[in-house]
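Trainee: Sharing a structure with you now.
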Amino acid sequence: MLLFSATRSNPEGKVGFVRDLARANVALSRGRFLLAIFGDAPFFDRAESPIGSVISHIRTHPKSCQIVEIEP
(Lines give C-alpha, C1' and ligand atoms only; values in the text may rest on other atoms or scores of the structure.)
Protein backbone atom coordinates (compact mmCIF):
# COMPACT_ATOMS: atom_id res chain seq x y z
CA MET A 1 0.00 0.00 0.00
CA LEU A 2 1.25 3.47 -0.88
CA LEU A 3 -0.24 6.69 0.47
CA PHE A 4 0.81 9.74 -1.54
CA SER A 5 -0.04 13.19 -0.26
CA ALA A 6 -0.19 15.72 -3.09
CA THR A 7 -0.37 18.82 -0.97
CA ARG A 8 0.00 21.29 -3.83
CA SER A 9 -2.97 23.52 -4.58
CA ASN A 10 -2.44 27.12 -5.65
CA PRO A 11 -3.78 29.58 -8.22
CA GLU A 12 -0.44 29.67 -10.07
CA GLY A 13 -0.56 25.95 -10.90
CA LYS A 14 2.85 25.26 -9.36
CA VAL A 15 3.06 21.54 -8.62
CA GLY A 16 6.60 21.27 -7.25
CA PHE A 17 8.72 18.15 -7.66
CA VAL A 18 5.96 16.00 -9.23
CA ARG A 19 6.16 18.20 -12.33
CA ASP A 20 9.08 15.98 -13.35
CA LEU A 21 7.96 12.64 -14.86
CA ALA A 22 10.82 10.62 -13.33
CA ARG A 23 10.14 11.96 -9.84
CA ALA A 24 6.39 11.39 -10.18
CA ASN A 25 7.09 7.84 -11.36
CA VAL A 26 9.23 7.11 -8.30
CA ALA A 27 6.64 8.70 -5.99
CA LEU A 28 3.71 6.71 -7.41
CA SER A 29 5.17 3.34 -8.36
CA ARG A 30 6.19 1.91 -5.00
CA GLY A 31 2.86 0.47 -3.84
CA ARG A 32 2.35 -3.22 -4.56
CA PHE A 33 -1.40 -3.56 -4.00
CA LEU A 34 -2.91 -0.11 -3.52
CA LEU A 35 -2.10 3.48 -4.39
CA ALA A 36 -4.05 6.17 -2.54
CA ILE A 37 -3.46 9.77 -3.61
CA PHE A 38 -4.65 12.50 -1.28
CA GLY A 39 -4.92 15.93 -2.81
CA ASP A 40 -6.82 18.48 -4.86
CA ALA A 41 -7.86 16.56 -8.01
CA PRO A 42 -9.30 19.64 -9.81
CA PHE A 43 -5.97 21.42 -9.23
CA PHE A 44 -4.09 18.59 -10.94
CA ASP A 45 -6.64 18.59 -13.77
CA ARG A 46 -5.60 22.20 -14.51
CA ALA A 47 -1.86 22.04 -13.77
CA GLU A 48 0.76 20.60 -16.11
CA SER A 49 1.87 17.50 -14.26
CA PRO A 50 2.11 13.72 -14.65
CA ILE A 51 -0.32 13.55 -11.71
CA GLY A 52 -2.96 15.06 -14.02
CA SER A 53 -2.47 12.09 -16.37
CA VAL A 54 -2.88 9.72 -13.43
CA ILE A 55 -6.13 11.46 -12.39
CA SER A 56 -7.38 11.18 -15.98
CA HIS A 57 -6.53 7.46 -16.03
CA ILE A 58 -8.38 6.92 -12.77
CA ARG A 59 -11.50 8.63 -14.15
CA THR A 60 -11.47 6.55 -17.33
CA HIS A 61 -11.05 3.20 -15.52
CA PRO A 62 -13.88 3.12 -12.96
CA LYS A 63 -13.86 -0.70 -12.66
CA SER A 64 -10.37 -0.76 -11.18
CA CYS A 65 -9.90 2.81 -9.89
CA GLN A 66 -11.95 5.43 -8.15
CA ILE A 67 -11.88 9.02 -6.97
CA VAL A 68 -13.53 9.70 -3.65
CA GLU A 69 -14.31 13.35 -3.10
CA ILE A 70 -14.59 14.60 0.45
CA GLU A 71 -16.33 17.87 1.17
CA PRO A 72 -14.27 20.28 3.28
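Trainee: If I ask for residues that are of a type in the set (A, V, I, L, M, F, W, C) and touching a residue at least 24 places away in the same chain (Cβ under 8 Å), which ones from the range 38-71 would you list?
Mentor: Within the range 38-71, PHE38, ALA41, PHE43, PHE44, ALA47, ILE51, VAL54, ILE67 qualify.
Trainee: Identify, by number, the condition in (1) of a type in the set (Gly, Ala, Ser); (2) surrounded by 14 or more Cβ atoms within 10 Å (Cβ to Cβ); (3) at pLDDT 85 or above that GLY13 doesn't meet.
Mentor: Condition (3) is where GLY13 drops out.
Trainee: Also: What are the residues in the range 44-55 that are within 10 Å of the chain's Cα centre (by Cα) and either open to solvent by less than 60 Å² (accessible area, probe 1.4 Å) or under 16 Å from LEU3 (Cβ atoms) (or both), if any?
Mentor: If the condition is that a residue be within 10 Å of the chain's Cα centre (by Cα) and either open to solvent by less than 60 Å² (accessible area, probe 1.4 Å) or under 16 Å from LEU3 (Cβ atoms) (or both), then PHE44, SER49, PRO50, ILE51, GLY52, VAL54, ILE55 are the ones that fit.
Trainee: Moving to a separate point now. I need the full set of residues from the range 56-72 which are among the polar types (S, T, N, Q) and surrounded by 10 or more Cβ atoms within 10 Å (Cβ to Cβ), in order please.
Mentor: SER56
Trainee: Being more than 18 Å from VAL68 (Cβ to Cβ) and touching a residue at least 12 places away in the same chain (Cβ under 8 Å) is the filter; apply it to the range 21-37 and report the residue that is surrounded by the most Cβ atoms within 10 Å (Cβ to Cβ).
Mentor: Restricting to residues being more than 18 Å from VAL68 (Cβ to Cβ) and touching a residue at least 12 places away in the same chain (Cβ under 8 Å), the top hit is ALA24.
Trainee: A further question on this structure: Go through (1) at pLDDT 85 or above; (2) over 15 Å from THR7 (Cα atoms) one by one and return the number of the condition GLU71 breaks.
Mentor: (1)
The values are calculated or read from the model by the stated rules, or taken from the named source; none is laboratory data. Note that the structure is predicted; figures quoted are calculated from it, not measured. No Cβ is skipped: glycine too gets one built from the backbone with ideal geometry, and neighbour counts run over all protein chains shown. These accessible areas exclude ligands, DNA and RNA; they are computed on the full protein's heavy atoms, side chains included. Shrake-Rupley method; radii C 1.70, N 1.55, O 1.52, S 1.80 Å.
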